[in-house]
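Working notes, beginning with the structure itself.
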Ligand code: HEM
Ligand code: HEM
């Protein structure tokens, strides 16, 4: 691990907000899809976008992890308990954003469904059919891991607002575009 950099690198800030937009899009699409009956073509359309954004999130998160391990991060601001909680939430979100799409792809493999990514390319089926495994992964993905990620993002969001509006510190401002120097 390199020594912590003084500020968030522009690349890490870009990746952070790109990930936020892509993950928000994936979650929005699946929540809309859940409002349609099975077999409705619109459900299929929204699931197509859910899977496409999900695979994109996996690729971006891999790039984020490599970039983050190479560039480090600026020192946390605030009390020790805040940064301990924040670090736990951050790495739990990273693990979930890697695990959720991987589980989604495995679910599709066991259900014998290829996954088209925005119609640009398709991930073919390599594994044999396994309905029991597909169902178990569906329960973990949709019933536990997805909702836990949404809860952690909400906690992370409250933390960012807490720093900004209650502690009046630079935590949120230095993650926004444009800021290149420490206060
Ligand atoms: C960061 C990426 C992802 C996130 C945050 C995510 C999140 C979620 C959530 C929250 C649900 C439950 C929605 C509900 O309550 O109805 C869900 C369902 C599902 N996801 Fe994902 N997912 C991701 C990636 C993927 C990928 C890559 C695939 C497949 C290639 C996939 C396939 C599915 C399927 C098949 C369902 C079940 C939908 C249903 O029951 O009708 N997901 N996902
Ligand atoms: C899907 C949504 C999000 C994910 C997965 C995510 C993930 C992360 C991760 C992993 C870090 C830690 C970076 C590191 O240690 O190198 C981080 C930092 C940060 N995020 Fe997010 N984030 C999301 C949404 C948001 C939102 C909505 C906000 C604010 C409105 C936000 C504000 C921040 C800030 C201010 C930091 C810097 C914290 C610090 O200096 O210690 N994030 N985010």
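Before moving on, here are some points about what is shown:
- Residue 76 vs. criteria within 9 Å of ligand 2 (Cβ to nearest atom) and over 18 Å from residue 19 (Cβ atoms): yes
- Output for the range 40-59, where each listed residue is surrounded by 17 or more Cβ atoms within 10 Å (Cβ to Cβ), without any contact (Cβ under 8 Å) to a residue 60 or more places away in the chain and within 16 Å of ligand 2 (Cβ to nearest atom): 50, 53, 54, 57, 58
- Number of the condition not met by residue 120 [criteria: (1) more than 16 Å from residue 24 (Cβ to Cβ); (2) without any contact (Cβ under 8 Å) to a residue 12 or more places away in the chain; (3) within 21 Å of the chain's Cα centre (by Cα)]: (3)
- The listed residues are 134, 80, 128, 99, and the only one of them that is within 16 Å of residue 55 (Cβ to Cβ) and free of Cβ contacts under 8 Å to residues at least 60 places away in the same chain turns out to be 99.
- Filtering the range 15-39 to residues that are more than 8 Å from ligand 1 (Cβ to nearest atom), without any contact (Cβ under 8 Å) to a residue 12 or more places away in the chain and either part of a helix (DSSP H, G or I) or within 16 Å of residue 147 (Cα to Cα) (or both) leaves 20, 21, 24, 28.
- Yes/no for residue 97 being within 13 Å of ligand 2 (Cβ to nearest atom), over 23 Å from residue 164 (Cβ atoms), surrounded by 15 or more Cβ atoms within 10 Å (Cβ to Cβ) and within 17 Å of the chain's Cα centre (by Cα): yes
- Residue 67 being more than 22 Å from residue 172 (Cα to Cα) and in contact with a helix residue (DSSP H, G or I) (Cβ under 9 Å, 6 or more places away or on another chain): no
- Every listed requirement among (1) modelled with pLDDT of 95 or more; (2) within 16 Å of ligand 2 (Cβ to nearest atom); (3) surrounded by 12 or more Cβ atoms within 10 Å (Cβ to Cβ) is met by residue 66 save one, (3).
The values are calculated or read from the model by the stated rules, or taken from the named source; none is laboratory data. Just so it is clear, the model here is predicted, and its values are computed rather than measured. Cβ atoms come from the backbone with ideal geometry, glycine included; neighbour counts cover every protein chain shown.
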